[in-house]
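Trainee: Mind looking over this structure? Questions follow.
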Amino acid sequence: MAHNVAVDMGGTFTDLIATDGDTGLQVAKSLTTPASPSQGIFDALAKAEIDPAAIEYFVHGTTVGTNMLIERRGPRIGLITTQGFRDVLRIQRIVRPESFDLHWRKPRHLVDRALSLEVRERIGAHGEVVQALAEDDVVAAVERLRAEEVKAIAVSYLFSFLNPAHERRTREIVQELYPEAYVSVSSDVFPQWREFERTSTTVIDAYLKPRIDEYLTSLEDELDRRGARGLLIMRSNGGVMATQTAKAQPVTMIQSGPAGGVIGSLQLGHDLGLDPLMTADIGGTSFDACLVAGGRAAQTTTTELEFGIPIATPMLDIRSIGAGGGSIAWLDAAGLLKVGPQSAGADPGPASYGRGGTEPTSTDANVVLGRLDPAFKLGGDVQLVPEAAWTAVERIGSELGFSAERAAAGILEIMNSNMAETMRLLTIDQGIDPREFALVAFGGAGPLHGAYLADHLGMQRVVVPPFPGAFSALGALMADTRFDYMQTRITYSDNIDVETVLNDFDDLEQRARDDFAREGFGDPPAMQRSLDLRYYGQNWELEVPVAGGVITAAEIAAARAAFDAEHDRQFGWSFPESAFEIVNMRLTAIARRREVLLPDVPPGPMPAPVKVGEVYFTEADGLLSTPFYHRDDLRAGNTFKGPAMIVEDDATAIVPPNWSARVEPQGSVILEVE
């Protein structure tokens with residue numbers, strides 16, 4: 001029987017969700033295997049009793065690339081750039097994270113200065129050749145980098161996004177002289193103005209290529225050996241792509257793991273009639289948040305590896321910090337309690353996993369407070385060891401002069417505060433009122449913290465979706481195939497050549513048709529056009545949609561009006577009569593996903609709890625007698641008040657004393673403040 005399978009590989013657990021025509025959806029979790037990442041995938045398949053030869057459609061979301069960047073475990077790489085621009089990555093922008101921090105030092109980029117080499121060439125600001133490419137310089141640079149045994153080479157020339165001829169010839173020379181090296185060229189990676197961001201992104205793409213190619217090739221070979229078919233990779237923009245595209249553009253995988261949860265939340269909001277939403281994806285090592293409003297997930301083209309190291313590529317605007325079930329609690333030099341970003345990961349994991357971990361983590365704190373009960377195995381097979389959790393938490397509590405319960409509560413409050421601060425960056429700091437949003441809490445630890453995060457921001461409703469621990473995998477199974485394209489052509493409003501704009505869009509659409517044909521689609525994708533506009537004299541632009549088909553002056557005027565309205569919404573002012581500029585043409589091409597139907601929950605009477613235990617909620621309440629309900633026993637229409645716990649194989653949800661819960665026919669549990 002053919003299966004459609006999605007696997008989301010996180011830092012602690014590898015989550016699998018599968019569907020077929022007869023048995024609906026099934027979930028399996030296995031511990032991630034950092035030494036051999038693909039092994040966790042096959043462990044999850046074995047737990048789900050799925051024969052790889054029966055897989056027809058396989059989507060994979062992974063944090064392999066993200067972890068490699070964070071830990072800087074990539075190979076030595078080189079950079080070839082225009083003469084005079086070798087230090088663009090070191091100069092960066094004239095900004096600092098803290099204006100008055102005299103001890104701050106710029107982070108080092110991923111390519112050493114000694115391996116940043118210059119060649120004579122110059123493309124002008126209108127795409128004209130000012131100085132021809134000195135091929136002998138390129139040959140000398142490649143020979144130097146080959147002698148240094150770099151694994152990948154990034155090529156970034158000035159204004160190559162307008163005329164990529166020099167970059168393409170350089171790639172040909174690299175492939176002739178050093179065929180073992182991987183090559184990334186900026187006109188393919190990020191064909192847009194701003195040489196610093198473009199060069200940084202191209203370097204990061206080159207840094208990822210050897211490891212991503214090795215990982216995906218190994219996974220493909222093993223799946224092929226076992227008879228599986230149809231492997232696709234989750235993209236940062238919320239779409240999926242074939243492995244060949246992923247190997248060619250690994251920078252588009254930076255948010256591969258958490259993107260699936262955002263796509264699932266988008267569908268969930270549509271099914272429940274809830275909008276706007278904020279996602280709270282809490283796994284073993286990280287917390288990821290994103291906004292969904294107006295039926296669209298927030299998008300961005302710029303994020304940062306760390307301050308001053310930009311990654312510019314179309315992606316979901318997901319903000320992440322090191323906070324999760326494995327986050328380690330520790331004391332700083334002043335004796336203050338901190339939580340994360342260090343994580344116990346999958347090996348050895350939290351102390352309560354009984355796998356050799358001794359440091360106190362947020363999972364251990366939840367065990368001490370009775371919120372995670374050893375009677376219910378995590379992921380279906382991780383047997384919690386409460387004695388180990390108590391030992392770890394008591395040790396740090398004694399250093400603080402606290403009881404184990406108070407120390408555990410402090411660990412969780414600090415972790416919740418850290419996550420809530422990230423949520424404020426997405427809302428309050430952007431002039432958005434979070435009280436208007438419903439919070440979708442998922443990931444293995446999301447439902448444990450959802451209500452407390454909502455309290456921090458004054459939110460009134462939390463949604464615990466079906467299969468919360470594997471929800472990112474479920475979202476990946478729902479994802480469209482999506483490609484984003486862009487062409488910079490700065491044009492003043494008094495000199496707009498509509499024919500040129502139309503030709504640029506035609507070129508982008510032809511690229512889309514070609515790419516989707518390579519992805520195996522017979523029919524052309526759906527196309528969505530947009531323009532990046534700015535007022536004359538501004539340095540940053542806003543994206544607005546533009547009608548498809550023939551571009552006319554009327555469509556340009558409509559885009560201008562939409563820009564004025566969006567500028568006023570974001571900044572509180574606009575200049576409708578002023579001159580403006582078109583900066584970029586953008587195109588999004590989408591081929592619709594396979595439909596995934598969630599099983600309905602039938603109505604029925606309120607079930608009896610599977611047990612009643614003592615749970616610590618606040619210092620004022622102390623231990624409260626709390627019913628534990630198994631989620632499989634709950635029926636549509638069931639309502640109950642907190643305190644209560646909802647347990648299932650892949651997650652545990654808390655209903656605090658001042659909250660109530662309601663089960664929806666679509667399977668979600670909605671928590672609301674009483």
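The values are calculated or read from the model by the stated rules, or taken from the named source; none is laboratory data. These figures come from a predicted structure and were not determined experimentally. Don't worry about glycine lacking a Cβ; one is built from the backbone with ideal geometry, like all the others, and counts go over all protein chains shown. Just so you know, the surface numbers come from the protein's heavy atoms only, side chains and all, with ligands and any DNA or RNA stripped out. Shrake-Rupley method; radii C 1.70, N 1.55, O 1.52, S 1.80 Å.
Trainee: Being buried (at least 20 other Cβ atoms within 10 Å of the Cβ), farther than 30 Å from residue 508 by Cα and among the hydrophobic types (A, V, I, L, M, F, W, C) is true for just one of 651, 636. Which residue is that?
Mentor: Checking each option against the conditions leaves just 651.
Trainee: Within segment 235-256, can one find any residue that is closer than 23 Å to residue 35 by Cβ, part of a strand (DSSP E or B) and over 17 Å from the mean Cα position of the chain (by Cα)?
Mentor: Going through segment 235-256, the residues closer than 23 Å to residue 35 by Cβ turn out to be 243, 246-247, 250, 253-254, 256.
From what is left, the residues that are part of a strand (DSSP E or B) are none.
No.
Trainee: Okay, moving on. How many residues does segment 362-389 hold that are buried (at least 20 other Cβ atoms within 10 Å of the Cβ) and in a helix (DSSP H, G or I)?
Mentor: 9
Trainee: For a quick check of your reading of the model, give me the residue pairs whose first member lies in segment 90-103 and is closer than 27 Å to residue 117 by Cα, whose second is open to solvent by less than 100 Å² (accessible area, probe 1.4 Å) and part of a helix (DSSP H, G or I), with beta-carbon atoms closer than 7 Å and at least 6 apart or on different chains.
Mentor: 92/196; 93/196
Trainee: Answer yes if at least one residue in segment 576-587 is within 25 Å of residue 466 (Cβ to Cβ) and either at pLDDT 90 or above or surrounded by 21 or more Cβ atoms within 10 Å (Cβ to Cβ) (or both), and no otherwise. Lay out the reasoning, then the answer.
Mentor: Here is the first cut: in segment 576-587, the residues within 25 Å of residue 466 (Cβ to Cβ) are none.
No, there is no match, as no residue in segment 576-587 is within 25 Å of residue 466 (Cβ to Cβ) and either at pLDDT 90 or above or surrounded by 21 or more Cβ atoms within 10 Å (Cβ to Cβ) (or both).
Trainee: If I ask for residues that are open to solvent by 10 Å² or more (accessible area, probe 1.4 Å) and within 15 Å of residue 184 (Cα to Cα), which ones from segment 141-157 would you list?
Mentor: First pass over segment 141-157, keeping only residues open to solvent by 10 Å² or more (accessible area, probe 1.4 Å): 143-144, 146-149, 151.
Once the filter is applied, which keeps residues that are open to solvent by 10 Å² or more (accessible area, probe 1.4 Å) and within 15 Å of residue 184 (Cα to Cα), segment 141-157 yields only 151.
Trainee: Right, something else. Looking at (1) buried (at least 19 other Cβ atoms within 10 Å of the Cβ); (2) closer than 17 Å to residue 310 by Cβ, which is the one condition that is false for residue 138?
Mentor: (2)
Trainee: Right, another one. What number goes with the only condition from (1) surrounded by 20 or more Cβ atoms within 10 Å (Cβ to Cβ); (2) of a type in the set (Val, Ile, Thr); (3) out of contact with any Ser or Thr (no Cβ under 8 Å at 6 or more places or on another chain) that residue 411 does not pass?
Mentor: Unmet condition: (3).
Trainee: Could I ask something else about it? Being modelled with pLDDT under 95, open to solvent by 10 Å² or more (accessible area, probe 1.4 Å) and over 19 Å from the mean Cα position of the chain (by Cα) narrows it down to one residue among 322, 349, 356, 295; which is it?
Mentor: Details: 322 fails: over 19 Å from the mean Cα position of the chain (by Cα); 349 fails: open to solvent by 10 Å² or more (accessible area, probe 1.4 Å); 295 fails: over 19 Å from the mean Cα position of the chain (by Cα).
From the options 322, 349, 356, 295, the qualifying one is 356.
Trainee: Does residue 426 count as surrounded by fewer than 18 Cβ atoms within 10 Å (Cβ to Cβ) and modelled with pLDDT under 95? Talk me through it step by step, then tell me what you get.
Mentor: Working: surrounded by fewer than 18 Cβ atoms within 10 Å (Cβ to Cβ): no; modelled with pLDDT under 95: yes.
Taking the combined requirement at face value, the residue does not satisfy it.
Trainee: Something else now. Residue pairs, Cβ under 7 Å, 6 or more apart or interchain, first in segment 592-616 and under 30 Å from residue 413 (Cβ atoms), second of a type in the set (D, E, K, R). List them.
Mentor: 613/373; 615/371; 616/405
Trainee: Looking at segment 544-596, which of its residues are acidic (Asp, Glu) and assigned to a helix (DSSP H, G or I)?
Mentor: Just the residues of segment 544-596 that are acidic (Asp, Glu), to begin with: 555, 564, 566, 568, 577, 581, 595.
Within segment 544-596, 555, 564, 566, 568 meet the criteria.
Trainee: I've got another one for you. Which of the following residues is closer than 18 Å to residue 254 by Cα, open to solvent by 10 Å² or more (accessible area, probe 1.4 Å) and at pLDDT 85 or above: 84, 61, 74?
Mentor: On the way: 84 fails: closer than 18 Å to residue 254 by Cα; 61 fails: open to solvent by 10 Å² or more (accessible area, probe 1.4 Å).
On inspection, the qualifying residue turns out to be 74.
Trainee: Within segment 639-646, identify whether any single residue is open to solvent by 20 Å² or more (accessible area, probe 1.4 Å), assigned to a loop (DSSP other than H, G, I, E, B), without any contact (Cβ under 8 Å) to a residue 60 or more places away in the chain and of a type in the set (Lys, Arg), and answer yes or no.
Mentor: So far as segment 639-646 goes, no, none of its residues is open to solvent by 20 Å² or more (accessible area, probe 1.4 Å), assigned to a loop (DSSP other than H, G, I, E, B), without any contact (Cβ under 8 Å) to a residue 60 or more places away in the chain and of a type in the set (Lys, Arg).
Trainee: If you take the residues of segment 1-41 that are of a type in the set (Asp, Glu) and surrounded by 23 or more Cβ atoms within 10 Å (Cβ to Cβ), which of them is farthest from residue 219 (Cα to Cα)? Reasoning before the result, please.
Mentor: Step one: filter segment 1-41 for residues of a type in the set (Asp, Glu), giving 8, 15, 20, 22.
Retained after the next criterion (residues that are surrounded by 23 or more Cβ atoms within 10 Å (Cβ to Cβ)): 8, 15.
On the way: 8: 14, 15: 16 Å.
Among residues in segment 1-41 that are of a type in the set (Asp, Glu) and surrounded by 23 or more Cβ atoms within 10 Å (Cβ to Cβ), the one farthest from residue 219 (Cα to Cα) is 15.
Trainee: Please go through segment 509-543 and pick out each residue that is among the aromatic types (Phe, Trp, Tyr) and free of Cβ contacts under 8 Å to residues at least 24 places away in the same chain.
Mentor: Start the filter on segment 509-543 by keeping residues that are among the aromatic types (Phe, Trp, Tyr), which leaves 516, 521, 535-536, 540.
Selection gives 540 alone.
Trainee: Out of all the residues in segment 224-243, is one or more modelled with pLDDT of 90 or more, hydroxyl-bearing (Ser, Thr, Tyr) and buried (at least 20 other Cβ atoms within 10 Å of the Cβ)?
Mentor: yes
Trainee: Another question about this same structure. Tell me whether segment 534-557 contains one or more residues that are modelled with pLDDT of 95 or more, in contact with a strand residue (DSSP E or B) (Cβ under 9 Å, 6 or more places away or on another chain) and among the charged types (D, E, K, R).
Mentor: Yes, some residue in segment 534-557 is modelled with pLDDT of 95 or more, in contact with a strand residue (DSSP E or B) (Cβ under 9 Å, 6 or more places away or on another chain) and among the charged types (D, E, K, R).
Trainee: Just checking: which of the helices (runs of 4 or more DSSP H) contained wholly in segment 434-534 hold 2 or more residues that are polar (S, T, N, Q) and open to solvent by 20 Å² or more (accessible area, probe 1.4 Å)?
Mentor: Values: elements: 446-457, 471-478, 498-518.
By residue number, 498-518.
Trainee: Within segment 53-70, which residues are under 30 Å from residue 311 (Cβ atoms) and in a helix (DSSP H, G or I)?
Mentor: Scanning segment 53-70 gives 64, 65, 66, 67, 68, 69, 70.
Every residue, every condition in (1) in contact with a strand residue (DSSP E or B) (Cβ under 6 Å, 6 or more places away or on another chain); (2) buried (at least 16 other Cβ atoms within 10 Å of the Cβ); (3) over 20 Å from residue 209 (Cα atoms), yes or no:
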residue	(1), (2), (3)
107	yes, no, yes
115	yes, yes, no
124	yes, no, yes
128	no, no, yes
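Trainee: Select the strands (runs of 3 or more DSSP E) contained entirely in segment 278-357, then report the ones holding at least 1 residues which are closer than 19 Å to residue 372 by Cβ. Quick ask: steps written out before the conclusion?
Mentor: Working: elements: 287-293, 299-306, 309-316, 319-321, 327-331, 337-343.
Where strands (runs of 3 or more DSSP E) fall fully within segment 278-357 and carry at least 1 residues being closer than 19 Å to residue 372 by Cβ, they are 287-293, 327-331, 337-343.
Trainee: Can you tell me how many residues within segment 168-223 are assigned to a loop (DSSP other than H, G, I, E, B), more than 20 Å from residue 145 (Cα to Cα) and open to solvent by less than 40 Å² (accessible area, probe 1.4 Å)? Walk me through it before giving the result.
Mentor: Let us first name the residues in segment 168-223 that are assigned to a loop (DSSP other than H, G, I, E, B), namely 178-181, 190-194.
Of the ones still in play, those that are also more than 20 Å from residue 145 (Cα to Cα) are 190-194.
Filter again for open to solvent by less than 40 Å² (accessible area, probe 1.4 Å), leaving 190-192, 194.
Number satisfying all stated conditions: 4.
Trainee: Quick one: is residue 34 more than 30 Å from residue 197 (Cα to Cα) and modelled with pLDDT under 85? Before you say what the answer is, go through the steps one by one.
Mentor: On the way: more than 30 Å from residue 197 (Cα to Cα): yes; modelled with pLDDT under 85: yes.
So residue 34 passes the test.
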